[in-house]
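Contents: one structure, followed by commentary.
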């Protein structure tokens with residue numbers, strides 16, 4: 001597990017959420033996205049994020065558009081005490 005923020009998010013999640021276990025592809029270009037945590041049924045994923053750069057926003061927009069059956073929940077650093 002990574003930094004202190006990632007550890008706090010992990011501690012706040014139900015134990016059945018798994019850390020970085022599955023990837024999704026999206027394009028263009030053909031690349032892979034691996035969520036930070038995924039629910040057991042792979043329908044919900046969580047992504048922790050400190051700073052939002054324009055490229056990060058574009059990437060997440062493409063993933064959401066190309067994988068409408070998956071709910072991606074963004075957890076920003078200020079969101080967790």
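A few remarks follow.
- Pairs linking a residue in the range 19-32 that is within 26 Å of residue 5 (Cα to Cα) to a residue that is at pLDDT below 75, with Cβ atoms under 9 Å and 6 or more positions apart or on different chains, are 19/1.
- Scanning the range 29-49 for residues that are exposed (fewer than 10 other Cβ atoms within 10 Å of the Cβ) and closer than 25 Å to residue 14 by Cβ yields a single hit, 41.
- Matching residues in the range 33-55 - criterion: being part of a loop (DSSP other than H, G, I, E, B), free of Cβ contacts under 8 Å to residues at least 24 places away in the same chain and within 10 Å of the chain's Cα centre (by Cα): 34
- Of all residues in the range 14-28, exactly one satisfies the criterion of being at pLDDT 80 or above and crowded, with 16+ Cβ neighbours inside 10 Å, namely 17.
- Selection status of residue 62, within 11 Å of the chain's Cα centre (by Cα) and surrounded by 10 or more Cβ atoms within 10 Å (Cβ to Cβ): no
- Of the residues making up the range 50-59, those that are surrounded by 13 or more Cβ atoms within 10 Å (Cβ to Cβ) and either more than 16 Å from residue 36 (Cα to Cα) or in contact with a helix residue (DSSP H, G or I) (Cβ under 9 Å, 6 or more places away or on another chain) (or both) number 0.
- Scan the range 65-81 for residues that are within 21 Å of residue 21 (Cα to Cα), in contact (Cβ under 8 Å) with a residue 40 or more places away in the chain and within 14 Å of the chain's Cα centre (by Cα) and the total you get is 3.
- Apart from one condition, residue 59 fits all of (1) at pLDDT below 85; (2) outside any strand (DSSP E or B); the exception is (1).
The values are calculated or read from the model by the stated rules, or taken from the named source; none is laboratory data. Model, not experiment: these values are computed from the prediction. Quick reminder, even Gly has a Cβ in these numbers, built from the backbone with ideal geometry, and neighbours come from all protein chains shown.
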